[in-house]
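Read the structure below first, then the notes.
Read-outs throughout are calculated quantities, based only on the coordinates presented, and are distinct from any laboratory measurement. Source: prediction; values computed, not measured. A quick note on method: Cβ atoms are made from the backbone with ideal geometry, for glycine too, and the neighbour counts reach across all protein chains shown.
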Amino acid sequence: MKIVVLVKQVPDTWAEKRLDPDTLTVDRASVDGLINEMDEFAVEEALQLAEKHGGEVTVVCMGPEGATDAYKKALQMGVDKAVFLTDPALAGSDAVGTSYALAQVLGTLEYDLVILGSEASDARTSIVPALLAERLGLPQLTFASKVEVDGTSIKINRQTDYGHDVVEAGLPAVVSVVEKINEPRYPSFKGIMAAKKKPVQTLDAAAAAIDTARVGAVGSWSKVLDATVTPPRSKGTIVTDEGSGGVELADFLATKKFV
Amino acid sequence: MAEILVLVDHADGAVKKVTLELLTKARELGTPAAVFIGSGYDEAKDKLAEYGAAKVYVAQDPELTGYVVAPKAELLAKLIAEAQPAAVLVPATAEGKEVAGRLAIKTDSGVITDAGDLRLDGDRLVAEQSIFGGSSIVHSAVTTGTPIITMRPNSTPPAAAPAAAERVEVSVELSDAAKLAKVVNRVVVPKGDRPELTEAAVVISGGRGVGSAENFSVIEALADQLGAAVGASRAAVDSGWYPHQSQVGQTGKTVSPQLYIAAGISGAIQHRAGMQTSKTIVAVNKDPEAPIFELVDYGVVGDLFKVIPQLTEEIAKRK
Ligand SMILES: Cc1cc2nc3c(=O)[nH]c(=O)nc-3n(C[C@H](O)[C@H](O)[C@H](O)COP(=O)(O)OP(=O)(O)OC[C@H]3O[C@@H](n4cnc5c(N)ncnc54)[C@H](O)[C@@H]3O)c2cc1C
């Protein structure tokens, strides 16, 4: 089975994130980048499926030049090879543009399964997996908390507001995973060493047949008009319970008219 | 005035509050036309009329809900072509956002996710989004096609304004591509009588500090005094103490209630991502260094098994 796992490099979740005041896009230069946490679950699921059914896992990452940590982490975890899509024209792409670019890269690869994390911690739209399924004309198996592959068919539990749906489809398919699905492995020392020798193919937009009019800020169908930083929350009152903490809390809630 | 399509979020006809919010917002922007997909319309129609749906497009073909997301997007794409609405409003639930995204691609339209507000600026729709956990506010607009906007629950106070809710039957011949991911079983976790997490004015969440499923009764007792919904951290959900639908955070629900109470929750970044835009935040935690205290309006350093029951009792007394 050939599996492609898509990963994104994001600003460290603990770092202060901000928009670049000139471009109104996420300021990626000012903070350390690393693999989007949720994508580690996608990598793990891909590796487990490949271990169980045999096959090969390719990681695909789109990002600015030098944003190599995310796919390197996937290689260290055990993925076989990487494709890195980088082109200045891609900067500032929205979810619609990103899904187009990724679909074009997938067009250069052979695969039975595409796996993504269900959300990136920076933009948090959660829609790229569904958009990819739409563009590729493949089954959308998103928010999976469990994946089972049997020959050419696949079955998942799709986490929903009310519980879950059991969903079946044929391969190839697009899957996104939630963090309930597995426990991502830590790269071993051997894995880290081996990753250095794994093949990495770097593509620019032209190499992936991407029409640059459809990506980046110019290709975006929506536009950020302005951004303002909100004042930080004012510091709250912290009390230590000396036996009447609950009553004092009730007093506080009463001042706010909750009680 | 042009139609504003509002995709109805409902469970077998029980209309979710977010739908009423969207109808309320749509009235500011044009003439609201609700789109009801699935079964249970008879139960839903009065609510939709009460909150101002001039028209309701009703699509009851079971195939529309028998496959993941794609059929709903196809139906809406057909309605966009036929009704030429000025905008489409969709609840910013996990599924709502996916429907909106696929619809955007089908109709060559821009999509804005997780709007907290929406207003008309001339004839342009401007959406407001709170990003990076509320630390920045951005305004954005769709520049191509029909604006497709997903709006967060709890962002507009719903207000009634009765309208005709004229029923218009609609259907769509689904493409093969819309029927690739078949729902073979729907597992519904029974829901208690408490308010829904994303709709509630007050949310009280328990974390690892609660210690067991049984101990959640302490959280529930307070919730019932306050008419609150009960949430949980991932640690509590993964321990099997509370169902995953109750998870608040990056991979759970995003809530923005008037009051959020965190009990026995440390305040990891992934948890904050789901609650830090709450208006008033309260935490009870025995560790004075817990990061949740950085966010709070009021924090109690103490044992939740002492503080929460005392609070519950005190509120009962004051009623
Ligand atoms: C990809 C990814 C997604 C995630 N998504 C989410 C998400 O959506 N939501 C989420 O919540 N987490 C999420 N997490 C997990 C998150 O990182 C934390 O692990 C989790 O939030 C911790 O839960 P907790 O605060 O209940 O537990 P802990 O961090 O263990 O904190 C327990 C707290 O309880 C306090 N405590 C213990 N006993 C008592 C007592 N008797 N009285 C008072 N206080 C007490 C302790 O002092 C401690 O601060 C995610 C993680 C990853 C990697």
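Computed log10 I(q)/I(0) for the range B:74-162 at 0.12 Å⁻¹: -0.36, from the Debye equation with unit scatterers placed on every C-alpha and solvent omitted. Take every pair of alpha-carbon atoms less than 8 Å apart whose residues are at least six positions apart; their mean separation over the length of chain A yields a relative contact order of 23 percent. All distinct Cα pairs of chain A go into the 1/r average, and the inverse of that average, the Kirkwood radius, is 20.1 Å. Placing +1 on the Cβ of every Lys and Arg and -1 on the Cβ of every Asp and Glu, with nothing else charged, gives the range B:198-292 a dipole about its Cα centre of roughly 240 debye.
Database remark: amide H of A:ASP94 closer than 5 angstrom to the amide H of A:GLY216 (H placed geometrically; neighbours at sequence offset of 5 or more, or on other chains; Pro and chain starts carry no H). Here each label is just a point 7 Å from Cα along the line to Cβ, and for A:GLU242 and A:ALA91 those points are 5.7 nm apart. Under a Gaussian network description of chain B, with springs only between Cα atoms under 10 Å, the residue in B:ALA159, B:ALA49, B:ALA33 that fluctuates furthest is B:ALA159.
For the options A:ASP69, A:ASP22, A:ASP241, a Gaussian network treatment of chain A with springs between C-alpha atoms closer than 10 Å singles out A:ASP241 as fluctuating the most.
For the range B:3-179, the Kirkwood hydrodynamic radius from C-alpha pairs, put into Stokes-Einstein at 10 °C and a viscosity of 1.306 mPa s, yields a diffusion coefficient of 100 µm² per second. Considering only alpha-carbon pairs that sit under 8 angstrom and 6 or more positions apart, the relative contact order computed for chain B is 14 percent. Annotation: average projected area of the range B:197-318 is 6.3 square nanometres, based on the convex hull of Cα atoms across all directions.
Determine, from the Cβ-Cβ distance of B:GLU166 and B:LYS191 and an R0 of 22 Å, the FRET efficiency 1/(1 + (r/R0)^6), rounded to the nearest 0.05. After rounding to 0.05, the efficiency reads 0.10. Near the amide H of B:MET275, within less than 5 Å, lie the amide hydrogens of B:VAL255, all on another chain or at least 5 residues away, with H placed in the peptide plane.
For B:LYS182, a cut-off of 13 angstrom between C-alpha atoms picks up these aspartates and glutamates, skipping any fewer than 8 places away in its own chain: A:ASP165, A:GLU168, B:GLU63. Angle of helix A:245-255 to the longest C-alpha principal axis of chain A, folded into 0 to 90 degrees and rounded to 10: 90°. Helices assigned as whole DSSP H runs in chain B whose Cα atoms extend at least 18 Å along their own long axis and whose mean Kyte-Doolittle hydropathy is -1.0 or higher are found at B:17-29, B:70-83, B:94-106, B:304-318.
In a fully extended conformation the segment linking B:ALA316 and B:ARG208 would gain 36.3 nm over its present Cα-Cα distance, using 0.36 nm per residue.
Over the range B:74-138, Cα pairs under 8 Å with separation of 6+ residues give a relative contact order of 20 percent. Pairs over the 18 Å Cα-Cα cut-off, from the set A:LYS180/B:LYS191; B:LYS78/B:LYS179; A:LYS235/A:LYS256; A:LYS257/B:LYS317; A:LYS146/A:LYS180; A:LYS256/B:LYS319: A:LYS180/B:LYS191. Spacing of the modelled spin labels on A:ALA254 and B:VAL184, each 7 Å from Cα toward Cβ, amounts to 5.9 nm. Among B:VAL248, B:VAL126, B:VAL187, the residue with the largest mean-square fluctuation in a Gaussian network model of chain B, with springs joining Cα atoms closer than 10 Å, is B:VAL187.
When restricted to Cα atoms, chain B yields an Rg and a Dmax of 20.8, 61 Å, respectively. In whole percents, the pair-distance distribution calculated for the range A:87-239 from its alpha-carbon pairs, binned every 5 Å from zero, is 2, 8, 13, 15, 15, 15, 13, 10, 5, 3, 2, 1, 0.
Ignoring aspartates and glutamates fewer than eight residues from B:LYS55 along the same chain, the ones with Cα atoms less than 17 angstrom from its Cα are B:GLU3, B:ASP9, B:GLU21, B:GLU28, B:ASP42, B:GLU43, B:ASP46, B:GLU82, B:GLU166, B:GLU169. Ordering B:SER205, A:SER188, A:SER220 from the fewest to the most neighbouring beta carbons within 10 Å gives A:SER188, A:SER220, B:SER205. Per the Debye calculation on the protein assembly as shown with a single equal scatterer at every Cα and no solvent contribution, log₁₀ I(q)/I(0) for q = 0.06, 0.08, 0.11 Å⁻¹ amounts to -0.30, -0.54, -1.05.
Note on B:SER39/B:ALA201: beta-carbon distance plugged into 1/(1 + (r/R0)^6) with R0 of 35 Å gives a FRET efficiency of 0.75.
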